[in-house]
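Engineer: Provided herewith is a single structure, encoded as structure tokens, for subsequent inquiry.
The values are calculated or read from the model by the stated rules, or taken from the named source; none is laboratory data. This structure is a prediction, so every number in the text was calculated from the model and none was measured. Note that each Cβ is placed from the backbone with ideal geometry, even for glycine, and that neighbours are counted across all protein chains shown. The protein model used for the area step is the full one, side chains on, heavy atoms only, and it has no ligands, DNA or RNA in it. Shrake-Rupley method; radii C 1.70, N 1.55, O 1.52, S 1.80 Å.
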Amino acid sequence: MRHQIHDLQAPVPGTARQIHSFHYGPEKAKGKIYIQSSLHADELPGMLVAWHLKQRLLDLEAAGRLRSEIVLVPVANPIGLDQALMDVPLGRFELESGQNFNRWFIDLSEEVGNAVEAQLGDDPQRNAELIRASLRNALAGKAAGTQLQSQRLTLQRLACDAEMVLDLHCDFEAVAHLYTTPQAWPQVEPLARYIESQASMLATDSGGQSFDESFPLVWLQLQERFGDRFEIPLGSFAVTIELRGQGDVNHPLASRDCQALIDYLIHFGAIDGEPAPLPALPYPATPLAGVEPVATPVGGLLVYDTLPGQYLEAGQKIAEIIDPITDQVTPVHCTTAGLMYVRSLRRMATAGMVIAHVAGAEAYRSGYLLSP
């Protein structure tokens, strides 16, 4: 195992932070896997999974079973991890800029395309190597103006040349679910089975240039640009894995999720071993554009009738909003049939607040598809 420390730009003297990456397996391996946790720093189940992974990967490395280099970043957001206001962790948005920590990673598709165009040829493997080298060079040449930009650059540099990127998150109160692209779904479906993902949402570009999409989008855009002249493989795929809810930080769940990731990496070929049998897929993959963010029209006490993991019919009541002054009770219904995979932690709703998400089978939204 190789431990690397990456210094972030300090906003003022004496406040420097670092990102720590742990590298397992052959240093010059053919394949590379990148795994990080808690980019939203108040989402901690993945950090405990990463701790379990560190122990398992050390053992697998000692046994000579790692075929690929596996890079693990257990604390992907030291800036957000240090943000708390009156005992409330605030790890989703940077307080200085107000920006979501998982948005606006650098789009390198045009720059990389311009750099490799004259060198591309008939060999798709060589083309992939050229693109990966160009990604590394392009990111190495970028300068950060702020601490947040420095953090984003560090994470992109660590992951840019990986063939698989796994970003471990969680939601408020939720069942296990994931996000990836339609193009990657054939490779990702075994992962969905191993982690018992109850909802799997697919989108090529959901807007916002989030961490997970910043990698496959480069390859997809290069395929669109050069596809009629050169064969460009899909050299990277990424998955955001939502490990249930914020309160699901315990060893039994983390150990199980760690084993699921190990099973998937064996199935993928990054770890030597006999793949575990694939469990059934609890719920089919659906378009991210088919997700209904269910909002309440009024504010008041939020009382749920439904739990994450329930399949809802169109028009089914999800919750009611109670005004304790007027005694008015307002029911809130979904309009889309599908699996409710997440609900809010808050129990005092404000008017217009999204209280749940339902994964429907038919796409009906467009444009920016992400939560704030």
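Engineer: Starting from the Kirkwood radius over alpha-carbon pairs of the chain, derive D by Stokes-Einstein at 25 °C in a medium of 0.890 mPa s and give it in µm² s⁻¹. Display every interim value, and only then the final one.
Structural biologist: Details: Rh = 21.7 Å.
The diffusion coefficient I find is 113 µm²/s.
Engineer: What is the gain in length, in nm to one decimal, between R103 and V329 on full extension, counting 0.36 nm per residue of separation less the C-alpha to C-alpha distance? The partial results should precede the final answer.
Structural biologist: Numbers: separation 226, 0.36 × 226 = 81.36 nm, distance 3.73 nm.
Here the answer is 77.6 nm.
Engineer: Also: So what is the diffusion coefficient of segment 38-188 in µm² per second by Stokes-Einstein at 10 °C and 1.306 mPa s, using a Kirkwood Rh over Cα pairs? Please list the in-between numbers first.
Structural biologist: Working: Rh = 17.9 Å.
After rounding, the answer is 89 µm²/s.
Engineer: Where the Cα atoms of segment 115-235 are projected onto their three principal axes, how long is each span, largest first, in whole Å?
Structural biologist: In descending order, the Cα extents are 49, 37, 22 Å.
Engineer: Also, I was wondering about something else. Output needed for segment 159-310: three equivalent-ellipsoid semi-axes, defined as square roots of 5 times the C-alpha gyration tensor eigenvalues, in descending order, whole Å. If you can, show how the numbers build up before the last one.
Structural biologist: Numbers: eigenvalues 166, 100, 33 Å².
Whole-Å semi-axes of the equivalent ellipsoid: 29, 22, 13.
Engineer: While we're looking at this one, here's another question. Starting at the first residue of segment 34-39, write each ³J(HN,Hα) from the Karplus equation 6.51 cos²θ - 1.76 cosθ + 1.60 with θ = phi - 60°, in whole Hz, x for Gly and Pro.
Structural biologist: Coupling constants for segment 34-39: 10, 10, 9, 9, 6, 4 Hz.
Engineer: With the other protein chains left in place, how much accessible area per residue, in square angstrom, belongs to the chain at a 1.4 angstrom probe? Display every interim value, and only then the final one.
Structural biologist: Numbers: 16140 Å² over 372 residues.
Dividing the accessible area of the chain by its residue count gives 43 Å².
Engineer: Then there's this: Please work out how much length the chain gains when fully extended from A276 to L301, using 0.36 nm per residue of separation minus the C-alpha to C-alpha distance, in nm with one decimal. It would help to have the intermediate numbers written out before the result.
Structural biologist: Numbers: separation 25, 0.36 × 25 = 9.00 nm, distance 4.56 nm.
Gain on stretching A276 to L301: 4.4 nm.
Engineer: A further question follows. Evaluate the charge dipole of segment 255-372 about its Cα centre and quote only its size in Debye, nearest 20, assuming +1 on the Cβ of each Lys and Arg and -1 on the Cβ of each Asp and Glu. Provide the component values of the computation, followed by the final result.
Structural biologist: Working: 6 positive and 11 negative charges, 57 e Å.
Here the size comes out at about 280 debye.
Engineer: Further question: Given charges of +1 on the Cβ of Lys and Arg and -1 on the Cβ of Asp and Glu, with all other atoms neutral, how large is the dipole of the chain about its Cα centre, in debye to the nearest 20? Kindly include the intermediate steps, with their values, before the conclusion.
Structural biologist: On the way: 27 positive and 44 negative charges, 129 e Å.
Taking the Cα centre of the chain as origin, the dipole is about 620 debye.
Engineer: For the residue pair R346 and L85, what label-to-label distance in nm results when each label sits 7 Å from Cα along the Cα-to-beta-carbon direction?
Structural biologist: A separation of 1.3 nm, rounded to one decimal place.
Engineer: I want to check the label-to-label distance for E27 and T15. Put each point 7 Å from Cα in the C-beta direction and report it in nm to one decimal.
Structural biologist: Placing both labels 7 Å along Cα→Cβ, they lie 3.6 nm apart.
Engineer: Could you give the Stokes-Einstein D for segment 15-122 in µm² per second, using the C-alpha Kirkwood radius, 20 °C, 1.002 mPa s? Present the calculation step by step, with values, prior to reporting the outcome.
Structural biologist: Working: Rh = 16.5 Å.
In µm²/s, the coefficient is 130.
Engineer: Across segment 345-357, in residue order, what do the Karplus-derived ³J(HN,Hα) couplings come to in whole Hz, using 6.51 cos²θ - 1.76 cosθ + 1.60 with θ = phi - 60° and x for Gly and Pro?
Structural biologist: 7, 6, 10, 10, 8, 9, 4, x, 6, 6, 10, 6, 10
Engineer: Would you mind computing Rg(Cα) / (2.2 N^0.38 Å) for segment 235-372, counting N as its residues? Walk me through the intermediate numbers first.
Structural biologist: Numbers: Rg = 18.6 Å, N = 138, 2.2 N^0.38 = 14.3 Å.
In units of the 2.2 N^0.38 Å rule of thumb, it is 1.30.
Engineer: Would you please state which residues of segment 227-262 a label at R136 would reach in this model, taking the label point 7 Å out along Cα→Cβ and a backbone N cut-off of under 16 Å?
Structural biologist: Answer for this model: 236.
Engineer: Using a 1.4 Å probe on the protein heavy atoms only, what accessible surface does E163 show? Give it in Å² to the nearest 10.
Structural biologist: 50
Engineer: Give the Debye-formula value of log10 I(q)/I(0) at each listed q (0.26, 0.32 Å⁻¹), with one equal scatterer per alpha carbon of segment 40-83, two decimals each.
Structural biologist: Result of the Debye calculation: -0.90, -1.12.
Engineer: Suppose the chain between A144 and Q209 were pulled fully straight at 0.36 nm per residue; how much longer would it get relative to their current alpha carbon spacing? Could the numbers behind the result be given before it?
Structural biologist: Values: separation 65, 0.36 × 65 = 23.40 nm, distance 1.73 nm.
Between A144 and Q209, full extension yields 21.7 nm more.
Engineer: Which cross-chain or sequence-distant (5 or more) residues have an amide H under 5 Å from the amide H of I355, H modelled 1.01 Å from N in plane?
Structural biologist: Result for I355 returns V294, A295, T296.
Engineer: Roughly what would the spin-label model give for D228 and N114, points 7 Å off Cα along C-beta, in nm?
Structural biologist: 2.2
Engineer: Follow-up question, since we're still on this one. Below 8 Å between Cα atoms, with a sequence gap of 6+, how large is the relative contact order for segment 1-43 in percent?
Structural biologist: Values: 35 pairs, mean separation 14.8, N = 43.
Result for segment 1-43 is 34 percent.
Engineer: Once the principal axes of the Cα atoms of segment 197-260 are found, what is the range along each, listed largest first in whole angstroms?
Structural biologist: Cα spread of segment 197-260 along its principal axes, largest to smallest: 51, 25, 18 Å.
Engineer: What number does segment 314-372 give for Rg over Rh if you use C-alpha atoms and the Kirkwood radius?
Structural biologist: Details: Rg = 13.2 Å, Rh = 13.2 Å.
My calculation of the ratio gives 1.00.
Engineer: Carbon and sulfur atoms: what percent of the 1.4 Å accessible area of the chain do they account for? Working shown, then result.
Structural biologist: Numbers: 8590 of 16140 Å².
Heavy-atom surface of the chain belonging to carbon and sulfur, 1.4 Å probe: 53 percent.
Engineer: I've got another one for you. With both bridge residues required to lie in the chain, what share of the DSSP beta bridges run antiparallel, to the nearest 5%? Mind dumping the intermediate values first?
Structural biologist: Numbers: 42 of 66 bridges.
Here the share of antiparallel DSSP bridges comes out near 65 percent.
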